[in-house]
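**Student:** First, the structure itself, so that you have it in front of you.
The values are calculated or read from the model by the stated rules, or taken from the named source; none is laboratory data. These numbers were taken from a predicted model, which means no experiment stands behind them. Every residue, glycine as well, gets a Cβ built from its backbone with ideal geometry; the counts of neighbours run over all protein chains shown.
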Amino acid sequence: MTEITLQEVFAQKHNPYPAYARLREQGPLARWNWMGQDMWLATTYEDIIALLKDPRLTIDMQKLLSPGHEQSPGGGYSARYVPLAGMRHLLNTDLPDHSRLRTLVSKAFTPRMIEQLRPRIQQIADDLLDAVQEQGEMDLVADFAFPLPINVISEMLGVPSEDRQQFRTWTQTIVQSQGAALSSEKQDAGRAAEAEFINYVKALIATKRKHPDNSLTSDLVRVEEQGDKLSENELISMIFLLLTAGHETTVNLLGNGTLALLEHTDQLELLRADPSLLPSAIEELLRYTTPVSLTAPRWALEDIVLHGQVIRRGEMVRCALLGANTDPQEFADPEVLNILRQENQHLAFSKGIHFCLGAPLARLEGQIAIGTLLRRLPHLRLAVSPEQIAYKDAGSLRALAALPVTF
């Protein structure tokens, strides 16, 4: 069998499962260059669980520049545009800083607190469908999958409704700057979009200082003003991260998840006939579609031996979450969508201390959004053939460019 390249794997957005199977067959750990980065890629469930919990790997690139770790990060990563690279936030800190930052916002994202948002999320879903129901068609991404999570997280953070579309523009530009094309123009556009976005966040913080309310932003501003738990830099990056991560991956869950159901009509009808299966269905859609294919980079703080391979200090490691979620050693018939699947311990939200903070929110949004679509649009179907559906060049995200549907 001809060896498959990582570029070929990530090019298979619509049906990536055979490509990941071939990648695993080539070995559980491989050395690759992708998007200008030299890295080790883990592809099996067991290895990825172990690596995501291994304290010998750091998500904080700066640790490799500190005393005792003078070797600069390998892989050409530091030469690329990396969003929020100069700021401290949940996705680039290890213990104990990560715990300090996470504790400040974790209460707002507990399942109990998120459940209180159910009526409002349901109202948003209904309002979005009210706006398109008479048309008989829509772009499910632009008209439903995007505005639902951006409205939810914006309301949590106290962002005015008139500003929310601008977030989509900024986020799109930043995400596209991380794509495989890796053009200097896209990276420059990403930097410019980030600068504008950060300026907006600074203005939002200033507004909440003068006019505090019951939003999560105001809560964080009060913590920052106390001076001992949150710096201004961390405050800015926290809000930036919540606004971007708080909607982009859920957009992809709703888009890819709906597409998967429309392509598997037996599962669609099973779910339509029994809405009590929604929680199980969302878990299976998270596993099957895996909105974020790759984890954020980690770097070895010391030499690590895995499967006879030596990961040298300073070398980059990334984990293929979609590979783990379709590993036949963990999941029976992994390439089959089965909303009745039991023991579905997928890694769509990662694992370890960097487990996705917003998992309860994403799950609830998924249940409400897809449940509402199936209830209110009983004749929902694709308006184009699956081969005509386009994906964005969005790096490790499986992101639909559009999803035309009729109903």
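**Student:** For the range 182-201, does any single residue satisfy the condition of being over 30 Å from Gln7 (Cβ atoms), assigned to a helix (DSSP H, G or I), touching a Leu at 6+ places or on another chain (Cβ under 8 Å) and of a type outside the set (S, T, N, Q)?
**Tutor:** Scanning the range 182-201, I find at least one residue that is over 30 Å from Gln7 (Cβ atoms), assigned to a helix (DSSP H, G or I), touching a Leu at 6+ places or on another chain (Cβ under 8 Å) and of a type outside the set (S, T, N, Q), so the answer is yes.
**Student:** Given the structure, is Glu224 charged (D, E, K, R), assigned to a helix (DSSP H, G or I) and farther than 30 Å from Asp393 by Cα? Please lay out each step first, then the result.
**Tutor:** On the way: charged (D, E, K, R): yes; assigned to a helix (DSSP H, G or I): yes; farther than 30 Å from Asp393 by Cα: yes.
Spelling it out, Glu224 is indeed charged (D, E, K, R), assigned to a helix (DSSP H, G or I) and farther than 30 Å from Asp393 by Cα.
**Student:** Against the definition (out of contact with any Leu (no Cβ under 8 Å at 6 or more places or on another chain), without any contact (Cβ under 8 Å) to a residue 40 or more places away in the chain and closer than 30 Å to Glu283 by Cα), how does Thr244 come out, yes or no? Before you say what the answer is, go through the steps one by one.
**Tutor:** Numbers: out of contact with any Leu (no Cβ under 8 Å at 6 or more places or on another chain): yes; without any contact (Cβ under 8 Å) to a residue 40 or more places away in the chain: no; closer than 30 Å to Glu283 by Cα: yes.
When the stated conditions are applied, Thr244 does not pass them.
**Student:** Sticking with this one: Determine which single condition Glu224 fails, assuming it passes every other condition in (1) of a type in the set (Asp, Glu); (2) exposed (fewer than 15 other Cβ atoms within 10 Å of the Cβ); (3) in contact with a helix residue (DSSP H, G or I) (Cβ under 9 Å, 6 or more places away or on another chain).
**Tutor:** (2)
**Student:** Now for a different question. Name the residues in the range 284-299 that are modelled with pLDDT under 95, within 30 Å of Leu261 (Cβ to Cβ) and out of contact with any Ser or Thr (no Cβ under 7 Å at 6 or more places or on another chain), would you?
**Tutor:** Ala296
**Student:** Right, here's the next one. Among what's in the range 102-133 and is of a type in the set (Gly, Ala, Ser) and crowded, with 17+ Cβ neighbours inside 10 Å, pick the residue that is farthest from Leu357 (Cα to Cα).
**Tutor:** Going through the range 102-133, the residues of a type in the set (Gly, Ala, Ser) turn out to be 106, 108, 125, 131.
Among the residues that remain, those that are also crowded, with 17+ Cβ neighbours inside 10 Å are: 108, 125.
Working: Ala108: 10, Ala125: 22 Å.
The residue in question is Ala125.
**Student:** Show me the strands (runs of 3 or more DSSP E) entirely contained within the range 300-407 in which 2 or more residues are modelled with pLDDT of 95 or more and under 23 Å from Asp274 (Cα atoms).
**Tutor:** Details: elements: 304-306, 309-311, 316-319, 404-406.
Filter on the range 300-407 gives 404-406.
**Student:** Sticking with this structure for a sec: Leu51 fails exactly one of the following numbered conditions: (1) among the hydrophobic types (A, V, I, L, M, F, W, C); (2) closer than 27 Å to Ala11 by Cβ; (3) at pLDDT below 85. What is the number of that condition?
**Tutor:** (3)
**Student:** Take the residues in the range 35-61 that are surrounded by 15 or more Cβ atoms within 10 Å (Cβ to Cβ), of a type outside the set (A, V, I, L, M, F, W, C) and touching a helix residue (DSSP H, G or I) at 6+ places or on another chain (Cβ under 7 Å), then tell me which one is farthest from Ala320 (Cα to Cα).
**Tutor:** If we take residues in the range 35-61 being surrounded by 15 or more Cβ atoms within 10 Å (Cβ to Cβ), of a type outside the set (A, V, I, L, M, F, W, C) and touching a helix residue (DSSP H, G or I) at 6+ places or on another chain (Cβ under 7 Å), then Asp60 is farthest from Ala320 (Cα to Cα).
**Student:** Conditions: (1) over 21 Å from Gly358 (Cα atoms); (2) surrounded by fewer than 13 Cβ atoms within 10 Å (Cβ to Cβ). Glu194 meets all but one. Number of the miss?
**Tutor:** Going through (1) over 21 Å from Gly358 (Cα atoms); (2) surrounded by fewer than 13 Cβ atoms within 10 Å (Cβ to Cβ) one by one, Glu194 breaks only (2).
**Student:** Go through (1) at pLDDT below 95; (2) surrounded by 20 or more Cβ atoms within 10 Å (Cβ to Cβ) for Ala85 and report which single condition fails.
**Tutor:** (2)
**Student:** Okay, moving on. Take the residues in the range 85-106 that are free of Cβ contacts under 8 Å to residues at least 40 places away in the same chain and under 19 Å from the mean Cα position of the chain (by Cα); name whichever of them is farthest from Arg191 (Cα to Cα). Don't jump to the end; show me each part of the working.
**Tutor:** Filtering the range 85-106 for residues free of Cβ contacts under 8 Å to residues at least 40 places away in the same chain gives 85-86, 93, 96-97, 103.
This time we only want the ones that are under 19 Å from the mean Cα position of the chain (by Cα), so: 85, 93.
Numbers: Ala85: 11, Thr93: 21 Å.
Once the filter is applied, the top-ranked residue is Thr93.
**Student:** If you go through the range 135-154, how many residues are surrounded by fewer than 18 Cβ atoms within 10 Å (Cβ to Cβ) and at negative phi? Don't jump to the end; show me each part of the working.
**Tutor:** Pass one, the range 135-154, residues surrounded by fewer than 18 Cβ atoms within 10 Å (Cβ to Cβ): 135-137, 142.
If we keep only those that are at negative phi too, we end up with 135, 137, 142.
Qualifying residue count, the range 135-154: 3.
**Student:** Among the residues in the range 273-283, are any touching an Asp or Glu at 6+ places or on another chain (Cβ under 6 Å) and either part of a helix (DSSP H, G or I) or among the hydrophobic types (A, V, I, L, M, F, W, C) (or both)? Walk me through how you get there before you give the answer.
**Tutor:** Step one: of the range 273-283, the residues touching an Asp or Glu at 6+ places or on another chain (Cβ under 6 Å) are none.
Within the range 273-283, none of the residues are touching an Asp or Glu at 6+ places or on another chain (Cβ under 6 Å) and either part of a helix (DSSP H, G or I) or among the hydrophobic types (A, V, I, L, M, F, W, C) (or both).
**Student:** If you don't mind, there's one more thing I want to ask. Among the residues of the range 1-57, write down those that are among the basic types (Lys, Arg) and closer than 28 Å to Ala402 by Cβ.
**Tutor:** Lys13 - this is the single residue of the range 1-57 that is among the basic types (Lys, Arg) and closer than 28 Å to Ala402 by Cβ.
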